[in-house]
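Notes follow once the structure below has been shown.
The values are calculated or read from the model by the stated rules, or taken from the named source; none is laboratory data. Computed from a predicted model, the values in this text were never measured in an experiment.
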Amino acid sequence: MGSIPEIFPPKVLQGYQKYKSVFPQQGVPLFEYTLQFMIIFKLPWIMSWNYKKQEVDGVSPPLLVREFSARWWNAVLDDQADMKAVMNHYNSLVRSPSPGPSCSNTDEDTIKRIQECKSKEEIQRILDEVRKSPTPSEELYQDSQDPYEDDGFLS
């Protein structure tokens, strides 16, 4: 048992409904949605329970029944989790696409530089630079090493 959306203040309830529409998740129980919402927007709630002794005829010993109750904490600001706060959170997670890798020396630039060379040494220097510079595909995958690859693991 946890926080109950039905007891949210109106602005927070609207934010919760917006959260559910902006972050749809298939097969997630309502409790988990509510818990995620409460954690992300740091919303506390008061949950209490009392024990009540219940005697039933013919049953020995008496039953100990736990009664739950949950209340909204009025000290929380309504705009802490309203629709605007939900959209701000969503926008902070959405990333613009990263630009493709940029290579400072394109093939055309290299060809032009080679054509302007006056000696074989200059051509060789340019070719050495090209060989040492990473290709665009190498730049893309430079961090995609196998994390389980360990050269010294079995030796």
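Within region 12-52, track down each residue that is modelled with pLDDT under 90, under 14 Å from Leu77 (Cα atoms) and part of a helix (DSSP H, G or I).
Val12, Leu13, Met38
Could you tell me how many of the residues in region 63-100 are at pLDDT below 85 and part of a loop (DSSP other than H, G, I, E, B)?
Count: 12.
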